[in-house]
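What follows is a single structure, written as structure tokens, with notes after it.
The values are calculated or read from the model by the stated rules, or taken from the named source; none is laboratory data. From a predicted model like this one, the values you see are computed outputs, not experimental measurements. Cβ atoms come from the backbone with ideal geometry, glycine included; neighbour counts cover every protein chain shown. In case anyone asks, the SASA skips ligands and DNA or RNA and just uses the protein heavy atoms, side chains included. Shrake-Rupley method; radii C 1.70, N 1.55, O 1.52, S 1.80 Å.
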Amino acid sequence: MKKKIALIFGVTGQDGSYLSRFLLKKNYVVHGVKRRSSSLNTDRIDDIYQEPWIGNKKFILHYGDITDSNSVSKVINEVLPDEVYNLAAQSHVGVSFMIPEYTSNSTGLGSLRILETIRNLKKKKNIKYYQAGSSELFGSSKQKKKNEKTIFHPRSPYAVAKLYSHWITINYREAYNIFACNGILFNHESPKRGETFVTKKIVRALCRIKKNKQKTLYIGNLNAKRDWGHAEDYVEAMWKMLQKKKPDDYVIATGKQYTVKQFINITAKKLGISLKWEKKGKFYLAKNKKNNNIIVKQDRKYFRAAEVDDLLGDSSKARKQLNWRPKRDFNKLIEEMVVEEMKFLN
Ligand code: NAP
Ligand code: F7E
């Protein structure tokens, strides 16, 4: 049987690397788009990289940029994939307040560029499309458990750009009968998570503190609640959406939430560090009970212009229709992140 071909925009990111491995295991030929950078950006996929001279390659990389229509169109025309996964984005919410225009261009218009190419190719091939949507769309929505019917209220340039991508995906599905799905994914983490997202930042800092390589972890809002899952579980849901008979949109979440402070406490406990929290002026700090060293300190710099306080997902639809459920729980996730970080430090 002919192998299926997938094309991943954002192949060098956390999800891109897990999805590539997942699809290779499913016997796909996987093409990925990476952008040119002055230092290496392929760390996460180095272990599956195949040299250009190898024949019959299963994993093939192309240069391209989601902000450049020509390169987007060229790569899709060249590869003619069965499935396109659009994971490419300026994905950091905090940074989106600093570079809102670039965030809108990549995280918002990037999806349009891909969908337009898919539309133009429709007579030649029906290409399926996955859009990496986000729980950030819900923002300050008051409904406690968010599902596909919950009203959106985005709270950052990132979330507003994702809202555009969400609706343009639905619009191309309705207007041009393109098989296009939105995955509305709640936060998902792993040892491959970018260093400036809060989970990885906490794990890295506390492991370094344990090893006497760092003194203090500087942090922002401790009270934000997130529904944290594992990236490896979540990429499976992306694939499952594209295998259904009809395209649709799905919330992917664990249904459990924790605060940033709880994440710090559990990680510290796993490392054998006992914390004592105190309030100093407006901000909190945590001391190591053993030696009174300040290990965690809140810093104004890490607070956002507008915060999303409370995210909890209801993924009943995906569990029922996709037969998807998370395999790894919160404790296992932190455990894995700590073990991998310690290995890296050693
Ligand atoms: P990530 O680690 O930040 O990866 C983003 C990917 O997009 C990287 O490969 C990055 O390339 C690439 N990229 C950025 N700008 C680009 C451009 N202009 N042209 C081409 N590629 C570009 O993000 P992730 O955690 O894997 O998330 C994947 C997607 O899901 C993103 O769209 C994110 O917004 C969305 N999402 C993530 C979560 C989550 O909790 N992780 C939840 C919901 C939705 P470089 O490696 O060169 O930077
Ligand atoms: O922040 C708070 C911060 O940056 C989580 C992206 O993958 O998930 C991610 O967006 C919470 C926020 O993730 C720091 O204010 C406190 O309330 O890890 P984060 P995020 O903003 O939830 C969604 C679903 C996506 O779609 C995004 O692409 O933690 N927080 N102190 C901090 N956050 C960071 N980054 N750094 C801190 O020092």
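Table for the structure above
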item	result
Highest average packing first - 96-104, 263-271, Cβ atoms within 10 Å	263-271, 96-104
Top of Ala305, Ala205, Ala161 by mean-square fluctuation, Gaussian network on the chain, Cα under 10 Å	Ala305
Most mobile of Lys58, Lys245, Lys287 in a GNM of the chain (Cα contacts under 10 Å)	Lys245
Within the chain: Cβ-based charge dipole about Cα centre, in debye rounded to nearest 20 (Lys, Arg +1; Asp, Glu -1)	980 debye
Selected from Phe197, Tyr172, Ile151, residue furthest toward positive end of dipole (segment 140-231; charges at beta carbon)	Phe197
Over the chain, relative contact order from alpha-carbon pairs under 8 Å, at least 6 apart, %	16 percent
Whole-number accessible area per residue in Å² for segment 1-130, which is evaluated in the context of all protein chains at 1.4 Å	50 Å²
Gained length - Asn177 relative to Arg325, 0.36 nm times residue gap less alpha-carbon distance	50.4 nm
Square roots of five times the Cα gyration tensor eigenvalues for the chain, Å	36, 23, 18
J(HN,Hα) series, segment 183-198, from Karplus relation 6.51 cos²θ - 1.76 cosθ + 1.60, nearest Hz, glycine and proline x	x, 9, 8, 7, 3, 9, 10, 4, x, 8, 5, x, 5, 9, 7, 4
Relative contact order of segment 254-346, defined on C-alpha pairs under 8 angstrom at six or more residues apart (%)	26 percent
Two-site label geometry, Val95 and Asn288: point separation in nm, points 7 Å out along Cα→Cβ	3.1 nm
Size of charge dipole - segment 194-316 - debye, nearest 20, with Cβ of Lys, Arg +1 and Asp, Glu -1, no other charges	1060 debye
Heavy-atom SASA rank of Lys290, Lys327 (probe 1.4 Å, accessible area, largest first)	Lys290, Lys327
Where segment 170-315 is the region considered: accessible area per residue in Å², 1.4 Å probe	46 Å²
Listed residues Asn265, Gly255, Pro326: farthest to the positive end of the dipole of segment 245-346 (Cβ charges)	Asn265
Within-11-Å neighbourhood charge of Leu217 [Cβ basis; K, R +1; D, E -1]	+4
Fully extended contour minus Cα-Cα distance, from Arg304 to Phe197, at 0.36 nm per residue	37.2 nm
Dipole of segment 62-118 [Lys/Arg +1, Asp/Glu -1 at C-beta], most positive-end residue of Phe97, Val75, Tyr63	Phe97
Long pairs among Lys261/Lys287; Lys25/Lys146; Lys192/Lys290; Lys25/Lys256, criterion Cα-Cα beyond 25 Å	Lys25/Lys146; Lys192/Lys290; Lys25/Lys256
Percent accessible area from carbon and sulfur atoms, the chain, protein chains only, probe 1.4 Å	49 percent
Charged-residue dipole, Cβ positions (Lys, Arg, Asp, Glu), segment 1-61 about Cα centre, Debye nearest 20	360 debye
